[in-house]
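FYI, it's all coordinate maths here, none of it is from the lab. This is a predicted model, so every value here is computed, not measured. Cβ sites come from the backbone with ideal geometry, for glycine too, and all protein chains shown count toward neighbours.
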Amino acid sequence: MASQTEENYLKAMFSLTNEKGEVNMSEVSNLLKVSKPSANNMVKNLEKQGYVNYEKYKPVSLTSKGKKTAALVIRKHRLTEMYLVEKMGFGWEEVHQIAEQIEHINSVTFFERMDELLGYPEFDPHGSPIPDKSGNISHRKQQALSTLQEGESGKLIALARSSSEFLEFLNSRELQLGTRIKVLSIESYDGSLTVQYNELISATFSKKVAERLLVEVV
């Protein structure tokens, strides 16, 4: 069984894995705010336990055991976030740090009961998919709002990199999952979007914001 620190490394590596299935350890050390020597020592330890494939001076990859372990930690995290929002009335901007602590509880029954009470949700409060009990993750078709053309509309279904600061920003703009957003115009200079949603006649989002709003075209 992986320790809490090992689980954090596996989760970070899972989230940073590229299309080739590889992980850059510099990115891992930056994400976890640890030194590169510490990260390298942990990777060697994880390799001994069968969680990663490691060769000196080469990118690292997760083994099937490593992927499943990471996905199950993510499952516990996202179920917890959903429970905090749906059953305890927390705001979506408040739940990440609490879930970071609860995700390390090693009780299958605890999280199965949580899943049951929630009605077996497929997505967390930020629209991210919740892995199933086997660590499998389902995906749905989504794209950044910034990719839409003038006149197109999309329903907000997920967020990319949902920090508490970003969520508080969305709260201030009265944006939540399920909101239908129409692109009115796109500024050619900086890619900012003038949009329409809810009862607003128009609002402006920077390209940086629009890239983090994931929508389903409607």
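Here are a few things to note about the model shown:
- Residue of 41, 171, 106 that the Gaussian network model of the chain assigns the largest fluctuation, springs spanning Cα pairs under 10 Å: 41
- Principal-axis tilt of helix 4-16 within the chain, Cα atoms, nearest 10 degrees: 50 degrees
- Computed from the C-beta positions of residue 104 and residue 22, the FRET efficiency with R₀ = 22 Å rounds to 0.25.
- Average silhouette area of segment 143-217, convex hull of alpha-carbon atoms, in square nanometres: 4.3 nm²
- Positive-end residue, segment 143-217 charge dipole about Cα centroid, Cβ charges, pick of 147, 158, 186: 158
- Ellipsoid semi-axes in whole angstrom, largest first, where each is sqrt(5λ) of the Cα gyration tensor of the chain: 34, 22, 14
- Net +/- balance of residues flanking residue 104 in space, Cβ distance below 11 Å, scoring K and R +1, D and E -1: -2
- Pair-distance distribution of segment 4-62: all C-alpha pairs, bin width 5 Å, starting at 0; shares per bin in whole percent are 4, 21, 37, 29, 9, 1.
- Phi-derived couplings, Karplus 6.51 cos²θ - 1.76 cosθ + 1.60 at θ = phi - 60°, listed residue by residue for segment 150-166: 4, x, 7, 10, x, 9, 5, 10, 6, 10, 9, 6, 8, 6, 4, 5, 5 Hz, with x used for Gly and Pro.
- Amide proton proximity set for residue 62, modelled H, under 5 Å, gap of 5+: 53
- Scanning residues 5 or more positions from residue 124 or on other chains, those with amide H under 5 Å from its amide H are 130, with H placed 1.01 Å from N in the peptide plane.
- Taking Cα atoms only, the orientation of helix 64-86 departs from the longest principal axis of the chain by about 50 degrees.
- Exposed chymotrypsin sites (Phe, Trp or Tyr not before Pro) absent - longest run of the chain, DSSP non-H/G/I/E/B, at most 13 other C-beta within 10 Å: 58-188
- Charge sum, other residues only, whose C-beta stays under 14 Å from residue 164's C-beta, Lys/Arg counted +1 and Asp/Glu -1: -4
- Debye-sum result for segment 99-192 in log10 I(q)/I(0), which assumes one identical scatterer on each alpha carbon, at q = 0.19, 0.20, 0.21, 0.26 Å⁻¹: -1.07, -1.14, -1.21, -1.47
- Pairwise label distance in nanometres, residue 86 with residue 15, each label 7 Å out on the Cα-Cβ vector: 2.2 nm
- Gain on full stretching of the segment that runs from residue 41 to residue 211 - 0.36 nm per residue minus C-alpha separation: 57.7 nm
- FRET efficiency, 1/(1 + (r/R0)^6) with R0 35 Å, evaluated for residue 48 and residue 132 via beta carbons: 0.75
- Cα convex hull of segment 71-116, projected area averaged across orientations, nm²: 2.9 nm²
- With contributions of -39500 (n - 2.57) from each DSSP H run of at least four residues, the per-residue ellipticity at 222 nm computed over the chain stands at -12000 deg cm²/dmol.
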